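Read the structure below first, then the notes.
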Amino acid sequence: MISYRKLSQEEITALKANLCFCSDWSQIEVREGFSPEYVHHTRFSGNIRLGAFNKEFSLPGGMKKHSGLFHTTLHNVTVGDDCCIENVKNYIANYVIGNDCFIENVDIILTDGVSSFGNGVEAAVLNETGGREVMIYDRLSAQAAYIMALYRHRPELVSALRKMISDYVAKVSSDTGSIGNNVIIADTGYIKNVRIGDCCKIEGASRLKNGSINSNAHAPVHIGVGVIGDDFIICSGSSIEDGVTFSRCFIGQACQLGHTYSASDSLFFSNCQGENGEACAIFAGPYTVTHHKSTLLIAGMFSFMNAGSGSNQSNHMYKLGPIHQGIMERGAKTSSDSYILWPAKVGAFSLVMGRHVSHQDTSDLPFSYLIEQQSTSFIMPGANLKSVGTIRDAKKWPGRDKRKDPDKLDSINYNLLSPYTIQKMLKAVDILKNLQKVSGETSDAYTYQSGKIKRSSLLNGLKYYGMAIDKFLGNSLITRIMASNAKSIEELREYFVPKSAYGDGDWVDLSGMIAPKKAVSDLLDDVEKGIITDVDALNDRFASLHKAYYDYEWRWASHIIESYYKINLNTVSAETLCALVARWKESVTGLDNLVYADAGKEFSLSAMTSFGADGDEAQRASDFEQVRGSVFEADPFVKSVKEHIRVKSALADTVLEVISSL
């Protein structure tokens, strides 16, 4: 407990000599070690508490400034030890300021009345006219937001969540704001009702009103020049720079917004990036990225998404208002100048090119290309499974997790193949085979969801999906075999028996977290029943589901293995297992070879166009070599694909040896 004392008469005299003013000096309390030497031209009112000013700040360029109070006005303020507060144009009111803070050249910092500091603000995501509002708060996770936005078919659940959040809002509401330790606020305008965490840097911001900046020593937050924010939560490790404007927004952990980006009524979760463009009423799940000035994201749900330049969507058909929404499932991306008329739903890891206005739902055709040709939407099922870009994305996401905070709010599953995507591929195979059956195997094109599928695309889709299904099921089986340490085929069969309670049935993707639908439903039942009543307990339950993913995955995969390959793992023979491993090896290497071939296009003659600007073909090749490398096989990603083929082939041989030894 920090102890304070009243000012001595000598200290009051010294402060007056330093041109300080207070109508009632008895309302000022100070720490032991306080000296009036470094308090000049300061006006005090209300209840004031001051720390000791002993530290000297070293500034860029070699400048040094001693801690203290200079040319400022304080009203109902507590100032910690070793702070430097200088040149406050108006005043600081109703704040507790931590230790070692540097506040200089600001207009005003105040808390006016009781504030929740952005907690409880409602962001009208997906539907601008309302109906899917998400209450933002400090501890909001992508999973909790997903439920609140999309599970409106369970009104009791939504009501329970709102009650839970309202209880949290009541706990954090106060008539006094806080500025943590080691905070820098410089050259900043208007700050009202903003709670600022440790180690935050606010440099040149224009206006910040009604929000929380949840910075900490592990993951500081930086707010840069010209930023304007109203009604917001900013989580640890995020950076908001260069004229960004936002209102009614949640900005999650390690997000980056810059270059005049603007956003309203939007949620951005872990590792999102937004530059130059605009967002309105979007649900940006983890790793949603948009860099281009001409790009508008509106009324959509995204995750692991990259928006091409000029990407645009419409949620308003000029009838009942902007009421339409769209979903691009995880990993879906848009090319330059793409357009989608909502409502629409794009399958996981799909690529959208061109303009699409017929409200497709390709969610059961993941890894597809959705391409416009002559105003018609053509679907190429599974084509993205052989794309080098898809595999490269999957490899880079874990390495680009910039969250430094040990308390991670979002549960993120990076797996490209999972029960969530494989269940869709199984449906896709049935859909494509049924199209063949209904329209005839020799048809030139098939109609699906207001789009067209060419015969060659359908046949390729069946091939690609089959290879991916074999790869995933084989991965699960081989992982189980290698972890078993079985000494006999009987022990191995016993190890095949799933131990988890969940895994059967459909799986869902809760904005980054993949889990069995039944497990999620049971969790939500506990919220409705009042068993889960705390926002942190809710996050813990989501985290526990995420942690158990591989146990749940095996339960699902083991049953699919039995039905798909028509075997029984309780009685499976070594010969059958060897055949499945060989099938897995063929699929893995087959897909890798397709990716390898796709990567080779980047080294074709057409890829050299624009190289060697003023030379002949030899100079063009030389220029290309200097920039991109001379040997296709030397490219780092290409080398990783070849290494993957080698490693997986060796693994297959090892597994076959293990099975043969039983």
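Couple of notes before you dig in:
- Near-label residues of segment 38-71 by backbone N, under 16 Å of a point 7 Å along Cα→Cβ of ASP24: 44-49
- The GluC sites (Glu not before Pro) of segment 15-119 that DSSP puts in a loop, and whose beta carbon has at most 16 other beta carbons within 10 Å, are GLU32.
- Potential lengthening between ASN485 and ASP536 on full extension [0.36 nm per residue; Cα-Cα distance subtracted]: 14.5 nm
- Cleavage-rule hits, chymotrypsin sites (Phe, Trp or Tyr not before Pro), segment 1-39, DSSP coil, Cβ neighbours within 10 Å at most 16: TYR4
- Simple spin-label estimate for HIS559 and ALA217 gives 4.9 nm between the two label positions (7 Å along the Cα-to-Cβ direction from each Cα).
- Summary of the geometry: segment 38-64 and segment 323-365, compared by the centres of their Cα atoms, lie 55 Å apart.
- Label positions at ASN90 and SER336, each projected 7 Å from the Cα along the C-beta direction, are separated by 4.6 nm.
- Label-to-label distance, LYS171 versus LYS65, with points set 7 angstrom from Cα along the beta-carbon direction: 3.7 nm.
- If R0 is taken as 45 Å, the Cβ-Cβ distance between SER660 and ASP401 corresponds to a FRET efficiency of 0.65.
- Centroid-to-centroid, using Cα positions, segment 166-182 and segment 82-124 are 12 Å apart.
- Chymotrypsin sites (Phe, Trp or Tyr not before Pro) within segment 242-337, DSSP loop, no more than 12 other Cβ atoms inside 10 Å: TYR318
- Among CYS101, SER239, ASN76 the positive-end extreme of the charge dipole of the chain (Cβ point charges): SER239
No lab work stands behind these numbers, since they all come straight from the coordinates. Computed from a predicted model, the values in this text were never measured in an experiment. All Cβ positions, even for glycine, are placed from backbone atoms using ideal geometry, and neighbour counts span all protein chains on display.
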